[in-house]
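For reference, the structure is listed below as structure tokens.
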Amino acid sequence: MANRLVRSDSNKMIAGVCGGLGVYLGIDPTIVRIAFIVLTLASGIGFALYIVLAIVMPGAASAETPSGKTIERNIEDLGENIVKSVNQLEDSRGGPILVAGLLIAAGVFFLLGNLGIHLNLGLIVSIGLIGVGAWLVFRNRSR
């Protein structure tokens, strides 16, 4: 039987796209996830590509379903998975603090832009990512 490109039901974080691609390509799904992150940060195409694949790729359990029904089911599943991920983030100890911090940072950035003080967005995102990473490392050490 030929190896089919399907979303993974067992190795998934959001929709199973990276898990399915990893199995199909014969590589570790973590490498595929890192590639999507790099593509997203470099040009933004990684995020769009992931969404398209999450909608178009059939799940492993529904690989034989007609494509129109697969796409409808995938859109519903993607919405449910996003809501689940947001709820898990809010239920975790640091989730609300992280979300609040990101909202405050975005608000400050746009406020300064409206006041005529223009900042380099790439520099701000880089510093923010370093700060969030450091916070996660030190938060886990204190447990």
Pairs with Cβ under 8 Å, 6+ apart, first in segment 29-55 and without any contact (Cβ under 8 Å) to a residue 40 or more places away in the chain and over 16 Å from Leu5 (Cα atoms), second aromatic (Phe, Trp, Tyr) and surrounded by 15 or more Cβ atoms within 10 Å (Cβ to Cβ): Phe36/Tyr50; Thr40/Tyr50; Gly46/Phe36; Phe47/Phe36
Filter segment 16-43 for residues that are out of contact with any Ser or Thr (no Cβ under 9 Å at 6 or more places or on another chain) and in a loop (DSSP other than H, G, I, E, B); the one that is surrounded by the fewest Cβ atoms within 10 Å (Cβ to Cβ) is Gly26
Restricting attention to segment 44-60, the residues that are out of contact with any Leu (no Cβ under 7 Å at 6 or more places or on another chain), in a helix (DSSP H, G or I) and small (Gly, Ala, Ser) number exactly 1
Only one of Ser62, Ser85, Ser67 is modelled with pLDDT under 75 and surrounded by 14 or more Cβ atoms within 10 Å (Cβ to Cβ); which? Ser62
Hey, could you check segment 1-15 for residues that are loosely packed, with under 12 Cβ neighbours inside 10 Å and of a type in the set (Gly, Ala, Ser) and say which is modelled with the highest pLDDT? Ser10
Do we have any residue at all in segment 129-137 that's at pLDDT below 75, outside any helix (DSSP H, G or I) and more than 16 Å from Val17 (Cβ to Cβ)? no
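The values are calculated or read from the model by the stated rules, or taken from the named source; none is laboratory data. Every value quoted in this text rests on a predicted model; they were computed, and no experiment measured them. Heads up, the Cβs are rebuilt from the backbone with ideal geometry, glycines too, and the neighbour counts pull from every protein chain shown.
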